[in-house]
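I have placed the structure first, in the form of structure tokens, so that the comments after it can refer back to it.
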Amino acid sequence: MKRNENLKIKILKNGPYEVTKNIPLNQAIIKTNAEGESKDWQEGKTYQAQEEDYHLCRCGQSKTKPYCDGTHEDIGFKGKETADKEPYEDGAKHYRGKKMDLLDNESLCAGARFCDPEGGVWVLATRSEDPAHEKLAIREACNCPAGRLTIVEKDGTKIEPELPQEISLIQDVFNNYRGPIWVKGGIEIEGADGESYEVRNRVTLCRCGESQNMPFCDASHYNCTHMMGTDS
């Protein structure tokens, strides 16, 4: 798949995310079973951009979610970036198994819960020798939208899902919450200081305004009443 290396999301100081070059925007719905376990992704609404560049709400208070309506100025939003720009692997724990390893950078957790079923990806990837469990571990890690979890083969190959270059607004319908902004396919994210974060295949950006790891999601949206419901 051909990649456009010029696609960028710029974080505006105490303001929204500025998205350039009309990057596709849609919804990604977490599909669950009756117990609320996350199982797969379902495509939701596709948004038709009105301009080549558009702005996504970062404070969580916009009346026109997912787009910015200037509310951040009215409420005095302080969107200080607190995440460092170290490479993903530098902050990840390395769990070693017999047939595969698992990288886990817990600071990036977005609370999507794909890692929980069947004992959890940590057990499935490093303790089980059942081929079915190994396959499930890969699926669970690859479904992690934040890129917190990565399966690594013994030859050092990292297993990553094939993702298009697009932005998806995560909808947790089971819990009735709007989730973070899922950035896919290696899109550059530039901080307010002009320096870019490590370009990765999948990351999730905070859009509730409460993350302690800005600009990345840390699942704080589950504590925000203004993030209840789904995007129209």
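May I ask you to list the residues in region 36-66 that are acidic (Asp, Glu) and assigned to a loop (DSSP other than H, G, I, E, B)? Listed by number, the residues that qualify are Glu37, Glu51, Glu52, Asp53.
Evaluated against (1) surrounded by fewer than 18 Cβ atoms within 10 Å (Cβ to Cβ); (2) more than 21 Å from Ile170 (Cβ to Cβ), Asp40 falls short on exactly one condition, (2). If you take the residues of region 206-226 that are touching a strand residue (DSSP E or B) at 6+ places or on another chain (Cβ under 7 Å) and over 15 Å from Phe77 (Cβ atoms), which of them is most open to solvent (accessible area, probe 1.4 Å)? Checked region 206-226; the qualifying residue most open to solvent (accessible area, probe 1.4 Å) is Tyr222. Checking the structure you have, find out if any residue of region 179-193 is within 27 Å of Glu81 (Cβ to Cβ), open to solvent by 30 Å² or more (accessible area, probe 1.4 Å) and of a type in the set (Lys, Arg). No, the conditions are met nowhere in region 179-193. None of Arg127, Arg96, Arg113 is charged (D, E, K, R) and modelled with pLDDT under 95 except Arg127. Within region 85-104, the set of residues being closer than 22 Å to Ser220 by Cα, in contact with a Phe, Trp or Tyr (Cβ under 9 Å, 6 or more places away or on another chain) and either surrounded by 18 or more Cβ atoms within 10 Å (Cβ to Cβ) or free of Cβ contacts under 8 Å to residues at least 60 places away in the same chain (or both) comprises Asp104 only.
Given the condition under 25 Å from Asp218 (Cβ atoms), open to solvent by 70 Å² or more (accessible area, probe 1.4 Å) and not charged (D, E, K, R), answer yes or no: does some residue in region 43-56 qualify? No, because not a single residue in region 43-56 is under 25 Å from Asp218 (Cβ atoms), open to solvent by 70 Å² or more (accessible area, probe 1.4 Å) and not charged (D, E, K, R).
Residues of region 141-195 that are among the β-branched types (Val, Ile, Thr) and farther than 20 Å from Ile9 by Cβ: Thr150, Ile151, Val152, Thr157, Ile159, Val173. Filtered by the rule that a residue be open to solvent by 20 Å² or more (accessible area, probe 1.4 Å) and over 9 Å from the mean Cα position of the chain (by Cα), region 105-119 gives Glu106, Ser107, Arg113, Cys115, Asp116, Glu118, Gly119. If the condition is being under 17 Å from Tyr67 (Cβ atoms) and either touching a Pro at 6+ places or on another chain (Cβ under 8 Å) or open to solvent by 20 Å² or more (accessible area, probe 1.4 Å) (or both), then region 1-13 contributes Lys10, Ile11, Leu12. Would you say Asp69 is touching a residue at least 12 places away in the same chain (Cβ under 8 Å), assigned to a strand (DSSP E or B) and surrounded by fewer than 20 Cβ atoms within 10 Å (Cβ to Cβ)? When the stated conditions are applied, Asp69 does not pass them. Considering Ile159, Ile138, the condition of being open to solvent by 30 Å² or more (accessible area, probe 1.4 Å), in contact with a strand residue (DSSP E or B) (Cβ under 9 Å, 6 or more places away or on another chain) and under 30 Å from Asn176 (Cα atoms) is satisfied by Ile138 alone.
The values are calculated or read from the model by the stated rules, or taken from the named source; none is laboratory data. Treat the numbers as computed from the prediction; the structure is a model and nothing was measured. Positions of Cβ are generated from backbone atoms using ideal geometry, with glycine treated the same way; all protein chains shown enter the neighbour counts. Note: accessible area is taken over every heavy atom of the protein model, side chains too, but ligands, DNA and RNA are not part of it. Shrake-Rupley method; radii C 1.70, N 1.55, O 1.52, S 1.80 Å.
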